[in-house]
Structure formats: C-alpha cells, structure tokens
Amino acid sequence: MQPQQASPPGYLGQFRILFSKEIAVEFRSRETAVPMAVFAVAALIAFQFSFDLRGGTLNLVAPGVLWVAIIFASLLALGRSFAREVERGSLDGLLASPIDPGALYLAKVAANVLMLLVLEIVIVPLTAVLFNLQLFQPALLLTLVMGNIGIAAVGTILASIAARARAREALLPIMLLPLLVPVIISAVRATGLAIDERPFSEIQPWLGVLGAYDLAFVTLSALIFYVTVER
C-alpha cells in the first residue's frame with residue numbers, strides 16, 4: 001500500500017500558519033515594532049509641546065493627535081508588509097504554492113492589526129498622561145480596533161501594489177492617505193465622544209461607518225488580492 005499523502009491545510013489552517021509566520025518573523029527581528037513605537041511617542045511629545053493645550057481644548061485636539069500618530073506610525077508597518085518577501089524573492093514562491101491568496105492577505109491584515117494594537121498599548125496611556133485625559137472607556141477600545149482594521153485592510157492591499165515599485169516608500173502614503181479619510185474622520189469623532197463620556201448612542205453612528213468601511217474593504221481586497229500582487 002502506498003502511504004497516503006497528507007492533505008494540504010484548509011483556508012483557516014493556511015491563515016493560521018501564515019499569521020504565525022508573520023508574528024514569529026517580527027518577534028525575532030523587531031524591525032517594525034520598535035521604530036513604530038519610537039516614531040509615535042516622538043510625535044505625541046512634539047504635539048504636546050508645540051501647542052498651548054488647556055481646558056476644553058484638550059478634548060478637541062487630543063483625538064486628532066492620537067490618530068495622526070497612529071496613522072503615520074502605521075505607514076512603517078504597512079511599508080514592510082511585503083518588503084521582506086520582495087527583497088528575499090520569496091513572494092513568488094508563496095504565490096506559486098497551493099496557498100489561497102485570500103488567506104495570505106488576511107494573515108497580513110491580522111498581523112498589521114496586532115502590530116497597531118501593541119503600538120496603542122504604549123501610546124494610549126502616554127496620551128492620557130501627556131494630555132491629562134481619561135482614555136480607558138470600552139467605546140474607545142472598540143474604536144481603536146475598528147480603526148486598526150480599516151487602516152490595515154486598505155494599507156495591506158496598497159502595500160502589495162507598491163511592493164515592487166522603486167519608490168514604494170513614497171508611493172504608499174500617496175495612495176493610502178486619501179482612502180483613509182473616512183477612517184480618520186469617523187475614528188476621531190468617535191474618540192472625541194468617548195473622551196467626553198457621551199452616551200454610546202451618539203458614538204454608534206461613527207462606529208457604524210467604521211464597520212461598513214472595514215467590511216467593504218476587507219471583503220473586496222481579499223477577492224482582488226491575487227490580481228494586485230501578481231502584477
């Protein structure tokens with residue numbers, strides 16, 4: 001009798017393997033997490049000392065400052081999403097393997113979301129200290145997670161397009177920032193309302209915009225990912 005060949009893992013199995021690979025590589029190298037944290041902390045400190053923020057002005061400005069730091073720090077992580085594979089020539093091998101391209105895309109998105117959450121564990125308490133605000137509401141946590149998904153969903157698909165370009169560091173922000181306008185507006189407004197401790201019913205419409213944005217871009221990007229990365 002011939003030995004039975006092991007069947008390849010299914011979609012969820014592929015996702016789990018690829019996601020574990022992304023986290024293991026970053027854990028060993030730390031080439032993304034540390035620069036992200038340093039950049040975000042420097043940005044927050046610069047904002048804090050650059051403006052005369054007092055009283056009610058803090059509640060108006062702090063949400064925007066927080067999300068500006070998150071978005072610009074995220075460019076470092078998103079820019080590295082496919083850089084390793086392109087530099088080492090392993091991206092073509094991944095695409096030639098029996099891995100579902102959608103699983104690869106979702107694994108990259110999940111890894112980027114996790115990187116942003118780790119970043120926020122550092123900068124949200126720092127923002128609370130620098131701006132003397134209460135930033136530990138459940139609504140804010142939900143806003144951060146949904147905002148991270150939106151940033152990662154769009155940023156990952158655009159990073160796959162820019163990965164093979166010579167000027168990918170400049171091309172990615174040019175493509176990404178205009179598409180993130182709905183995320184920025186919704187996340188800043190929801191964060192501001194959470195800081196003011198407004199009822200959840202007032203925050204919910206902005207979370208609804210973030211949810212619709214996340215669902216649309218994650219679904220569409222997973223479907224077209226193979227086309228963009230195979231250019």
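Computed quantities for the displayed model
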| item | result |
| --- | --- |
| Degrees separating the helix 181-195 axis from the principal Cα axis of the chain, which is the longest one | 50 |
| Label point distance in nm, Leu94-Ser201, each placed 7 Å from Cα along Cα→Cβ | 4.6 |
| Degrees, to the nearest 10: 11-29 long Cα axis against longest axis of the chain | 70 |
| Size of charge dipole - the chain - debye, nearest 20, with Cβ of Lys, Arg +1 and Asp, Glu -1, no other charges | 380 |
| Pair Leu141, Ser50: separation of 7 Å Cα→Cβ label points (nm) | 3.1 |
| Highest to lowest packing among 64-74, 91-101, scored as the average C-beta count within 10 Å | 64-74, 91-101 |
| Gyration tensor verdict on the stretch 11-229 (Cα atoms; rounded if a/c is under 1.5, prolate if a/b is larger than b/c, oblate otherwise) | prolate |
| Protein accessible area in the stretch 11-229, 1.4 Å probe - carbon and sulfur % | 71 |
| Paramagnetic reach from Tyr226 (point 7 Å along Cα→Cβ, amide N under 20 Å) across the stretch 10-30 | 10-19 |
| Dipole of the stretch 11-229 [Lys/Arg +1, Asp/Glu -1 at C-beta], most positive-end residue of Leu94, Asn132, Ala46 | Leu94 |
| Angle between the chain longest axis and helix 101-131 axis [Cα atoms, degrees, rounded to 10] | 20 |
| Protection-proxy order for peptides 102-111, 182-191, each taking the mean of Cβ atoms within 10 Å per residue, highest first | 102-111, 182-191 |
| Label-point separation in nm, Thr219 to Ala42, each point 7 Å along Cα→Cβ | 4.1 |
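The values are calculated or read from the model by the stated rules, or taken from the named source; none is laboratory data. All values derive from a computational prediction rather than experimental measurement. Cβ atoms come from the backbone with ideal geometry, glycine included; neighbour counts cover every protein chain shown. Surface areas here come from the heavy atoms of the whole protein model, side chains and all, with no ligands, DNA or RNA. Shrake-Rupley method; radii C 1.70, N 1.55, O 1.52, S 1.80 Å.
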